[in-house]
Every structure is written in structure tokens, then in C-alpha cells.
Amino acid sequence: MFQFSFKRFLLLHLFIIIGVYYGNAKEIPTKSTLQVYDYAGILQPNEVEYLQKTLKDWQDSTSIEMAVVIDKSLEDEDIFEYSLKIAQSWGIGDKSTNNGILLYISAEDKKIFMHIGPGLQGVIPDALGKRIIENILKPAFREQKYGEGIASAILTLQQLAAGTYQGGKSEGVDGAYGFFFLLFILIFVIAVFFLYRSASRSHTYSRSGDYHSPGGMWIFPGGGFGSGSGSGYDNDSGGFDFGGGDFDGGGAGGDW
């Protein structure tokens, strides 16, 4: 009798612990018609508009679907597991080719993870995803140039996929393409370095701490990064929806 009651006692407490754990788990955000979600508010309106249009145009022309989720905090969740849940539950990418990409950023935790769908891992393997994070995203984020970093990362991903991913077919990265990609990355990094160096001589900061660049950088039209002007962009416009793609955990992460 005592043994039976003790088992019931343990099971009761086990159910309570499980209930508390799942009750406190961070919820998966609800997707809408967007591909860029800035829950942390670190992007300017013109940056959100530019990134959203860039990703929508990329999807329309290639079927490759990418989402950018900027979260305020992970709330003690594991970044890999939590961002994978978002990628899978939203179904980013085409269902038949699994050609989706999720770039997840936790602003307060300063963590990044980029999930690559199985259909793109031949042209964007984990090693190249890691290089994009290390060489493009992290340096830009350390200077709080979030919009620039994300736009540059998207451009690099587009360059990777352009000549090797057609109609959902992944042909892999041969030696010649890998060489030209590395050459492209080297030229790109050097160009960005000199752009930042020349622009930094005229950058100013307002009393509120906002960053201003006269005339704005070339990536974002319509003003500098400190410009708070609204873009008129409707967050629920466009009628976009993800295609039901799946993920297997491929990708790369890091912190800045």
C-alpha cells in the first residue's frame, strides 16, 4: 500500500513539473503575411520595407523563401531548438523542395542562428552559413548596423544560390564555383571595409544616441539608418504565405 501511494505521489509531481515547464515555455510567434519580423524594434521603417521587398522579389523569381525574425529575448530558451520550432511550424520554403531559410536574431541575448532547408544545403552548406554569420552579420551587429548586416547577408545568400539552384534542383558546389564564391566574399568584405571606414569619418550621433549617416548608405534608399521617417509600409499587405517547407536542423549560429 505504501509503495503504491509513493508511486502515485511521484507521478503526480512529475505531471506537475511537466505542466509547469510547458506552461512557461516561450510561445512561437504567429506568422502573418510578412517575411521580416522585428519584434525588438531595432530596424528603421525604411530598412524593414527594403528587406521585405527584397525577400518577396527573391521568392517570386526563384521560389526560395526566407524569413528574418528579430526577437527581443530568448527567455532562457535554447536558440537552436526555439528557432527550429519557428522554421518548422511556419513551413518556410516550398513543400516539394524544402528550399527555405530562417535567420533568427535575439537582440538582448546577442545570438544568431540561420536555418537552411535541406533543398538548399548543397549550395549553402553549414560552413558557408557560418562564414556569413562570422564575416558579415557579427561585425555589422557589433556596430549596431543591423539593417546593413542583414541586407549584406541576404545579398550573399542570393549570390550563392543564383547560379546553382534552379527550379528546386540542388546541384551542389563544384570546385570552380567554390573558388569564385570565396573570391566574391573577399572582394565584398574589402569593399564593405573601405565603405565603413570612409563613412565613419562623417557619422554623427544625436543627443538621444541615435546613429545618423548623412545621405545614408547605398543599401537602403531614402535616408540614413538614424532616419525615423515612416515608409508607409503596411505590415499586412502583400498576401504572402509560406509554402509548407520543412527543416532538418541544418544551419549555423553564433553570438556577437
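The values are calculated or read from the model by the stated rules, or taken from the named source; none is laboratory data. Predicted model only: the values in this text are computed from it and were never measured. In this analysis, Cβ positions are derived from the backbone assuming ideal geometry, glycine residues included, and neighbour counts consider all displayed protein chains.
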Query raised in the report: Just to be sure, is Phe113 touching a Phe, Trp or Tyr at 6+ places or on another chain (Cβ under 8 Å), surrounded by fewer than 24 Cβ atoms within 10 Å (Cβ to Cβ), over 17 Å from Gly245 (Cα atoms) and of a type in the set (A, V, I, L, M, F, W, C)?
Result: no
Query raised in the report: Out of all the residues in the stretch 110-119, is one or more farther than 21 Å from Leu34 by Cα and of a type in the set (A, V, I, L, M, F, W, C)?
Result: no
Query raised in the report: When the stretch 85-113 is examined, which residues are found to be under 10 Å from Leu74 (Cα atoms) and modelled with pLDDT under 95?
Result: none
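Run down Glu65, Glu81 and say which single residue is buried (at least 20 other Cβ atoms within 10 Å of the Cβ), farther than 22 Å from Ile42 by Cβ and at pLDDT 95 or above.
Glu65 is the lone residue from the list that is buried (at least 20 other Cβ atoms within 10 Å of the Cβ), farther than 22 Å from Ile42 by Cβ and at pLDDT 95 or above.
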Requested in this report: Kindly indicate whether any position in the stretch 132-154 is farther than 25 Å from Tyr39 by Cβ, at pLDDT 90 or above and in contact with a strand residue (DSSP E or B) (Cβ under 9 Å, 6 or more places away or on another chain).
Outcome: no
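For Glu65, state whether it is more than 12 Å from the chain's Cα centre (by Cα) and of a type in the set (Asp, Glu).
In short, no.
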Query raised in the report: Yes or no: Val173 at pLDDT below 50, closer than 26 Å to Ser61 by Cβ and of a type in the set (Val, Ile, Thr)?
Result: yes
